[in-house]
Amino acid sequence: MLIKRKRGWEIAQSLATPEALFRDRRRLCQAIAAGPLLAPTVAAALAAGLRPVHAQEADPSGKLYPFKQNTRYSLDRPITDEKLATTYNNFYEFGSQKNIVREAQALKVRPWTIRIDGMVEQPMEIGIDDLMAKMPLEERLYRHRCVEAWSMAVPWSGFALKPLVELAKPLSSAKYLRMETFKDPKIAPGQKQTWYPWPYVEGVTVQEAVNELSFMVTGAYGKPLPAQNGAPLRLALPWKFGFKHIKSIVRITFTDKQPKSFWEEIQGSEYGFWANVNPKVPHPRWSQATEQPLGSKERVPTLLYNGYGEFVADLYKGMDEKKLFM
Ligand SMILES: Nc1nc2c(c(=O)[nH]1)N[C@H]1C(S)=C(S)[C@@H](COP(=O)(O)O)O[C@H]1N2
Ligand SMILES: [Mo]
């Protein structure tokens, strides 16, 4: 991941990845080092967004949007410009740079089946449109805080994770949900980089999953989710760092073992399972005290639990603070 320093974006020198990856990142770094903060990357991303994309099979969910907004979740800042939120992305399956819009259009989002298995009464496979038909659809305005210290505020469309957990009927022995992204190196060039532990995996406790904030995202800005943001199904846990927000989910497994996530597998000393946002706990290589909202010139203070403590702090009472914020 990129590190945020006082000026500009720099590349982590100590990250334990092979030289080929570093060269990639260094090029990106050099390309953006010349100009003011964010501007060149964003300009490049915008340019890519304007290029023609491959034709997609019709997405039958289009007619369902926009969803009614749930006003219980309000923002303390402006909504991020749609162009920025949909062109400045982290989606390593399509490249380790931020500009992956064009590459991500190779992702075919219909038909799309999600497998629900593990410690459940009955394993099942369900198509994304059948799943959406069963779920209470709504729009929520959420903040998003990347561990790299940039942030955004997005109108996500989707449904709470809790009714999906209820549909799955987990056994009482299940303690965690392990989620998996698709794996198809033929369409996702990043997955040809075999030093990464593909597929991307993330996890939460069952308790976290049924918290009212945990949200399955199917859309943004009143439309179906663009491929680059993790179509057709992506997680939002607004009190946790962005890497927990796993994209393009194909499998949800209920288990009694704490899942090892993609970034934990790569660099467990820097990216833990809990990954709750805390401005007072620095990343081993940079501060988390402030953040750079996409599209803003000013950095803003980062909030404990990204400002969602009233909803989630109780989940972690009595737990080891050394683990919770990593
Ligand atoms: N499968 C997958 N999911 C992923 C990632 C990824 O590389 N692959 N990146 C994560 C990170 S680090 C962030 S900050 C968010 C970015 O989401 P966005 O591109 O919609 O802003 O997706 C998360 N989910
Ligand atoms: Mo991130």
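Observations, loosely collected:
- Any hit, segment 116-133, residues being open to solvent by 20 Å² or more (accessible area, probe 1.4 Å), acidic (Asp, Glu) and within 16 Å of ligand 1 (Cβ to nearest atom): no
- Scan segment 193-235 for residues that are away from ligand 1 (no atom under 13 Å from the Cβ), among the hydroxyl-bearing types (Ser, Thr, Tyr) and over 13 Å from the mean Cα position of the chain (by Cα) and the total you get is 2.
- Restricted to segment 216-326, the set of helices (runs of 4 or more DSSP H) holding at least 1 residues that are at pLDDT below 95, open to solvent by 20 Å² or more (accessible area, probe 1.4 Å) and more than 30 Å from ARG102 (Cα to Cα) comprises 321-324.
- Per-region count, segment 197-215, residues of a type outside the set (Gly, Ala, Ser), assigned to a loop (DSSP other than H, G, I, E, B) and more than 15 Å from ligand 2 (Cβ to nearest atom): 7
- Within segment 141-180, being open to solvent by less than 10 Å² (accessible area, probe 1.4 Å) and of a type in the set (Lys, Arg) holds for one residue alone: ARG145.
- Per-region count, segment 236-258, residues in contact (Cβ under 8 Å) with a residue 60 or more places away in the chain, more than 13 Å from PHE91 (Cα to Cα) and within 13 Å of ligand 1 (Cβ to nearest atom): 6
- In segment 72-94, the residues that are part of a loop (DSSP other than H, G, I, E, B) reach residues that are more than 16 Å from ligand 2 (Cβ to nearest atom) and among the basic types (Lys, Arg) with C-beta atoms within less than 9 angstrom, at least six apart or across chains, in these pairs: ARG72/ARG140; TYR73/ARG140.
The values are calculated or read from the model by the stated rules, or taken from the named source; none is laboratory data. Values in this document were obtained by computation on a predicted structure and should not be read as measured data. All Cβ positions, glycine included, derive from the backbone under ideal geometry; neighbour counts span all protein chains shown. Just the protein is used for accessible areas: all its heavy atoms, side chains included, with ligands, DNA and RNA removed. Shrake-Rupley method; radii C 1.70, N 1.55, O 1.52, S 1.80 Å.
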